[in-house]
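Working notes for the structure below.
Readers should treat all values here as calculations from the given coordinates under stated rules, not as data from a laboratory. On a predicted model such as this, the values are computed, not experimentally measured, just so you know. FYI the Cβ positions are ideal-geometry reconstructions off the backbone, even for glycines, and counts take in every protein chain you see.
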Amino acid sequence: MKKKLLINKSFNLIQQIRLVHAITESSFEISIPKTENPKFDTLKEKFGVHFFRTDSDSFDITENIKISHKNPLTSIGEISRYLIFPHSITEYCYSLWKNPRRFRYSFQGLLTDKRRILIENWIQQNITAKKIRLASEDDFAFKLRNKIFRKIGLDDSITQKVGDLLFRSSKRGRKFPEKAWDEEYFRMLANSQFVLCPSGDCIWSYRFFESILCGAIPIVEKNCSAYEGFKFVSFKDEAKSLTWSAEVAEYNYKVCIEKLTIPKAALDRELSKIIN
């Protein structure tokens, strides 16, 4: 029987959640702190993620896992990637691809003041010359609305349709269980031709890679080293001249698999090296 491996830490970043999920796809039994188990509940239900009980024979590999959000960089032993995704998620995202895609452009996520200005300017330049103010969850009226929605158990996301852009202001990705897996989010990506990918806390964005896995072409605010090798467009490009291409989508997906996943045999070898 393969040795049981322990990852003994708190998981708050998506980088950590995806990495731990990927490690569970190895041939080893994986255990995590009991307090962290609920964060994986949606992944257990959707993808069959399973953890084993920690015991005295569990081998702690916590120190062999390194994550830098700023770069980004994710490492297990000597294997490093910008991000590491489990095969079950990359394959599932591919299965969601729609043809034809219903939405030409979409954005889902937290609307900071900086993002609001960026997206509103993009709309004015590419969708309509009319000045548009996007709804934000931080507006007083929406705060009151959202408080009521949350109290009665309704989704408090704010959705707007502005021409060919489907816009959704949402904090769902900031809290569990949606932080670990948001089915609605990924289905919208898979139904979009282009996805607006403004920078987040850093220049790079999870949304860039998630869009590619779902067959959408990212529209980025700024380029960075993590995006090298992919085909994408910029906020500065004229949107009406853009054409979604299945060939580009397939190319990007293939690059994503090469850059963000680890073959099971390679992962098993690396985990064995760590133990030995």
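Worth pointing out:
- Tilt relative to the chain, helix 264-275 - C-alpha long axis, 0 to 90 degrees, to 10: 50 degrees
- Note on the chain: with charges restricted to the Cβ of Lys and Arg (+1) and Asp and Glu (-1), its dipole about the Cα centre is near 800 debye.
- GNM remark for the chain: springs join alpha carbons under 10 Å apart, and the peak mean-square fluctuation among Ser192, Ser68, Ser170 falls on Ser68.
- For region 40-96, taking the reciprocal of the average inverse distance between every pair of different Cα atoms yields a Kirkwood hydrodynamic radius of 13.8 Å.
- Region 1-147: C-alpha gyration tensor shape, a/c 1.5 cut-off, then a/b vs b/c: prolate
- Sorting 122-132, 107-117 by their mean Cβ neighbour count within 10 Å, with the most densely packed peptide first, gives 107-117, 122-132.
- Per residue, the convex hull volume that the Cα atoms of region 92-258 enclose (Å³): 119 Å³
- Angle of helix 113-126 to the longest C-alpha principal axis of the chain, folded into 0 to 90 degrees and rounded to 10: 50°.
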